[in-house]
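Below: one structure, written as structure tokens.
No value in this document is a laboratory result; all are computed from the given coordinates. Fair warning: this is a prediction, and the values are worked out from it, not measured in the lab. Counting neighbours? That spans all protein chains shown, and the Cβs are built from the backbone with ideal geometry, glycine included.
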Amino acid sequence: MTELIPTKPYMIRAIHEWCVDNGLTPHLLVVVGPQTRVPMAYVKDGEIVLNINYSATKDLHIDNEAVVFSARFGGVSQHLYIPIGAVKGIFARENGQGMFFEVEDIADAPQVPTLEPQGQIDKADASPNDKRKPTLKIVK
């Protein structure tokens, strides 16, 4: 007999759809591991909570292997990759209803490099304490 596809990705998609249909904001609770690509500045205690509402993401795709999308963090667009095994839960922000899962053992997975902002930032010009407001430049 062939191995069955796990139910976890189907449940994640179903809870996401339920949240959207009810006007709620779906959030993912993710355990950050070697295959997870998320902005590390927002990780706390090895976990990150991500808003996966359509209004907060671009090109959201939830398949049987991973949750993939782009989102803005600090005004900078970043591409995120979350293996299904790293998803600890999906829930509605407004009422906490959702579903939580056991996290698969991701310690043996190969290391994926952490994300760097995709914007053009000259790190030589920016100091860690530089808190200037962002500016826009008109290009014709």
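For region 8-100, what does the alpha-carbon gyration tensor say about shape, rounded, prolate or oblate, given a ≥ b ≥ c as the root eigenvalues, a/c under 1.5 as rounded, and a/b over b/c as prolate?
Values: a/c = 1.45, a/b = 1.26, b/c = 1.15.
Since a/c stays below 1.5, the shape of region 8-100 is classed as rounded.
Which of the peptides 5-11, 66-72 is most tightly packed, and how do the rest follow, going by the mean number of other Cβ atoms within 10 Å of each residue?
Numbers: 5-11: 13.3, 66-72: 17.6.
Going by the mean number of other Cβ atoms within 10 Å, highest first, we get 66-72, 5-11.
What is the fewest-to-most order of His61, His79 by other Cβ atoms lying within 10 Å of their Cβ? Walk me through the numbers on the way to the answer.
On the way: His61 9, His79 14.
So the ranking, lowest neighbour count to highest, is His61, His79.
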